[in-house]
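**Q** Quick one: this structure, given as structure tokens, is what I'll be asking you about.
The values are calculated or read from the model by the stated rules, or taken from the named source; none is laboratory data. Keep in mind it's a predicted model, so treat the numbers as computed, not measured. Every residue, glycine among them, receives a Cβ derived from its backbone with ideal geometry; neighbour counts consider all protein chains shown. The protein model used for the area step is the full one, side chains on, heavy atoms only, and it has no ligands, DNA or RNA in it. Shrake-Rupley method; radii C 1.70, N 1.55, O 1.52, S 1.80 Å.
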Amino acid sequence: MFLGINEMKYSKGRYLLIILVMALITWLILVLSGLATGLAQGNRLAVDQWKASGVVLSKEANSNLNASTLNQNLASKIKADQVATIGQVSLSISKEDKTDNDRTNVSLFGIDSSSFLMPKVIAGKSFAKKNEVIATEKLKEDGFKLGDKINAGTYDQPLTIVGWFAQSTYNIVPVIYTSTATVKAIKYGSSEAQRDNINGFVFKGTASNQVKTPNEDTVVLSINDFIEKLPGYQAQNLTLDTMIYFLIAISAFIVGIFIFVLTLQKTSIFGVLKVQGVPTSYLAKAVILQTGLLAVLGVLLGTLLTGLTVAFLPDSMPYTTDYGNGSLYLFILVIMAILGSIFSIRTIAKVDPLTAIGG
Amino acid sequence: MVERALSLKNISKTFGKGHTKVEALKKMDFSVAKGELVAVIGPSGSGKSTFLTIAAGLQKPSTGQVSIGSKSIDAYNSKELAKLRFQKIGFVLQSSNLVPFLTVADQFTLIEKVDKSKKKPAAREDILQALGIEELKQQYPRDLSGGEKQRVAIACALYHDPDIILADEPTASLDSERAFEVVKLLGREARNKNKGIVMVTHDERLLAYCDRTVKIRDGKLADFIPDSAEV
Ligand SMILES: Nc1ncnc2c1ncn2[C@@H]1O[C@H](COP(=O)(O)OP(=O)(O)O)[C@@H](O)[C@H]1O
Ligand SMILES: [Mg+2]
């Protein structure tokens, strides 16, 4: 460490450069990881809040709640501890007095207010009458207030916000809960044929593999499978995770090359030290520890940079700090950087002290 | 009988093969006693550096034996040789062997860091004073003159209190006054601390300060008889 630290003090510029590169990569990785977590959470937060163990959907819906249609009377055939019907419709809303240009996309769920899907109302009251809704307080950011009358899609009657519940999103848009009847009215109008239909069922308290399908037109999905198959969810996660791991590999490569070039530049110094009898192991340790120190400093600086960035991120960016994954990435970064430096050990071992004497 | 610090027996060194073959050393015998400063002279390309590096275990002879003290080093591997060099041999290069990113003081600290044997190094201040470089402790090698660098390099070689000092043209970058001082210092080290010192040089004016001079010509060693007695 003595050699490494003194060299870094002496050649501040080049080592600051490596630290900076490490910091920038760390920064990019942490921001990406935060966005990945934020996006994933934005997709699934409402589902997580249900604390359900599985769902029952129609077979042809391809695991997509929105595309599923089932007869609500099937509920009695689902043998689980708690079963709740759920209707879902994605639409855009606006305040009644606003123009159509100023609309907000939301996901509207139709539930029984006595079921376990019902969120805790933190202000106002629960929906009771038709066309009454409760909304995630996230909608306050868009200017919605308690008692607001809102237009919903092409539905011909205004909805009224009667209560707020905690932050909740589904498919990255804010969530609104209302009665099953209201959702049916929005989704199917007054169609007599659709009177008994609903999107699906959510169950809780019984593991999904213990629940039999109520009939052959239905499928039972565990809650995790359901989340994985949320539209776009997997593709998004896979893309971002791949980017992160590529970045980590690239950073190891860059640091490895940096250290390798610096080692090549130092061969004559290593030669001189070997003439004096300094063992290869001491020199190798110095380089590895130095790389470790550079990586740790870079990662710390990158974390600091991320902290500053997050403070300035716009609210529209679904950023969520994931401390667990974040620290894992930092750890892997440091380990990979050190692995990158191991390249150079062979070069150090091969330095012939005779070259230092130079004839 | 005097104790030997270093002895080379029947040393030959051949580089290359066929028509590029160079016989740098031919069946050479040499030894230096403790307390003795020996000068080695010879024309360029005569094998002086080859001789010195073989003595330091930096390369193996083609034939012959090298002994440090009473121990043969022929069977040592590179790790054992490094340890031997670190503990018993001070090697002073023609161009200074300093680490560019360490201050003078840290050059010494490095030696302490590498040393795990906890052998007490000869007092740093004494050596620095003897070489007149105690003012330079916080300087980096780039701020030193050639002579200062060389004196620091010699100080480093002495710091570990080695039994043997091998110096390859240590005065090449010094003006003649400094050169005389360095040779006198080496002579004092040899006599006062009972070290065996071998110095390769081009400068015949320095020979008067040495106990003995040998000459290498075409890879062979001969005693040197100076043309004139005065210096
Ligand atoms: N590694 C080597 N490979 C080939 N030839 C060498 C090598 N080292 C030295 N020689 C040759 O050995 C001879 C003696 O070299 P050297 O010991 O450096 O001489 P000096 O130090 O007296 O000038 C020279 O002819 C030189 O070219
Ligand atoms: Mg030479």
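**Q** Can you work out which of the residues in region B:156-170 that are open to solvent by 10 Å² or more (accessible area, probe 1.4 Å) and more than 12 Å from every other protein chain (Cβ to nearest Cβ) is farthest from ligand 1 (Cβ to nearest atom)?
**A** In this case the residue turns out to be B:Asp161.
**Q** Find the residue count for region B:17-32, including only residues that are buried (at least 18 other Cβ atoms within 10 Å of the Cβ) and within 14 Å of the chain's Cα centre (by Cα).
**A** 1
**Q** Pick from region B:98-107 the residues that are under 30 Å from B:His202 (Cβ atoms) and either part of a loop (DSSP other than H, G, I, E, B) or at the interface with another protein chain (Cβ under 7 Å from one of its Cβ atoms) (or both): which of them is most open to solvent (accessible area, probe 1.4 Å)?
**A** In this case the residue turns out to be B:Pro100.
**Q** Just give me the residues in region A:130-171 being surrounded by fewer than 19 Cβ atoms within 10 Å (Cβ to Cβ) and touching a Pro at 6+ places or on another chain (Cβ under 7 Å), in sequence order.
**A** A:Lys149, A:Ala166
**Q** Continuing with the same structure: Would you check which residues across region A:270-319 are within 14 Å of another protein chain (Cβ to nearest Cβ) and aliphatic (A, V, I, L, M) and list them?
**A** Passing the criteria: A:Val272, A:Leu273, A:Val275, A:Val278, A:Leu283, A:Ala284, A:Ala286, A:Val287, A:Leu289.
**Q** Right, here's the next one. Give me a count of the residues in region B:150-182 that are assigned to a helix (DSSP H, G or I), within 12 Å of the chain's Cα centre (by Cα) and farther than 18 Å from B:Val104 by Cα.
**A** Result for region B:150-182: 0.
Rundown of residues vs (1) crowded, with 21+ Cβ neighbours inside 10 Å; (2) not assigned by TED's automatic domain parsing to the domain that holds A:Val287, yes/no style:
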site: A:Ala23; (1), (2): yes, no
site: A:Leu35; (1), (2): no, no
site: A:Gln49; (1), (2): no, yes
site: A:Glu60; (1), (2): no, yes
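**Q** Among the residues of region B:14-50, what is the count of those that are closer than 23 Å to B:Glu204 by Cβ, touching a Lys or Arg at 6+ places or on another chain (Cβ under 8 Å) and within 13 Å of ligand 1 (Cβ to nearest atom)?
**A** 10
**Q** Could I ask something else about it? Kindly provide the set of residues from region A:219-251 that are part of a helix (DSSP H, G or I) and open to solvent by 70 Å² or more (accessible area, probe 1.4 Å), ordered by number.
**A** A:Asn224, A:Asp225, A:Glu228, A:Gln234, A:Leu238, A:Thr239, A:Met243, A:Tyr245, A:Phe246, A:Ile250 - these are the residues of region A:219-251 that are part of a helix (DSSP H, G or I) and open to solvent by 70 Å² or more (accessible area, probe 1.4 Å).
**Q** Somewhere in region B:108-122, is a residue part of a helix (DSSP H, G or I) and away from every other protein chain (no Cβ under 14 Å)?
**A** No.
**Q** Continuing with the same structure: Return yes or no: is A:Val183 in a strand (DSSP E or B), in contact (Cβ under 8 Å) with a residue 40 or more places away in the chain and of a type outside the set (Lys, Arg)?
**A** no
**Q** In addition: Are any of the residues in region A:117-124 touching a residue at least 12 places away in the same chain (Cβ under 8 Å), under 18 Å from A:Ser90 (Cα atoms) and either in contact with a strand residue (DSSP E or B) (Cβ under 7 Å, 6 or more places away or on another chain) or part of a strand (DSSP E or B) (or both)?
**A** Yes.
**Q** Does B:Gly42 meet the test of being farther than 17 Å from B:Arg4 by Cα, surrounded by 16 or more Cβ atoms within 10 Å (Cβ to Cβ) and out of contact with any His (no Cβ under 8 Å at 6 or more places or on another chain)?
**A** It is true that B:Gly42 is farther than 17 Å from B:Arg4 by Cα, surrounded by 16 or more Cβ atoms within 10 Å (Cβ to Cβ) and out of contact with any His (no Cβ under 8 Å at 6 or more places or on another chain).
**Q** Is it true that B:Lys13 is within 16 Å of ligand 2 (Cβ to nearest atom) and over 19 Å from the mean Cα position of the chain (by Cα)?
**A** Yes; evaluated as a whole, the condition is true for this residue.
**Q** If I ask for residues that are open to solvent by 50 Å² or more (accessible area, probe 1.4 Å) and either within 16 Å of ligand 1 (Cβ to nearest atom) or in contact with a helix residue (DSSP H, G or I) (Cβ under 9 Å, 6 or more places away or on another chain) (or both), which ones from region B:181-192 would you list?
**A** Hits for region B:181-192 are B:Glu181, B:Lys184, B:Arg188.
**Q** Just give me the residues in region B:193-225 being of a type in the set (Lys, Arg) and either open to solvent by less than 50 Å² (accessible area, probe 1.4 Å) or within 16 Å of ligand 2 (Cβ to nearest atom) (or both), in sequence order.
**A** B:Lys195, B:Lys215, B:Arg217
**Q** Related question: Tell me which strands (runs of 3 or more DSSP E) are completely within region B:26-97 and hold 3 or more residues being within 16 Å of ligand 2 (Cβ to nearest atom) and more than 8 Å from every other protein chain (Cβ to nearest Cβ), or say none if there are none.
**A** B:37-41
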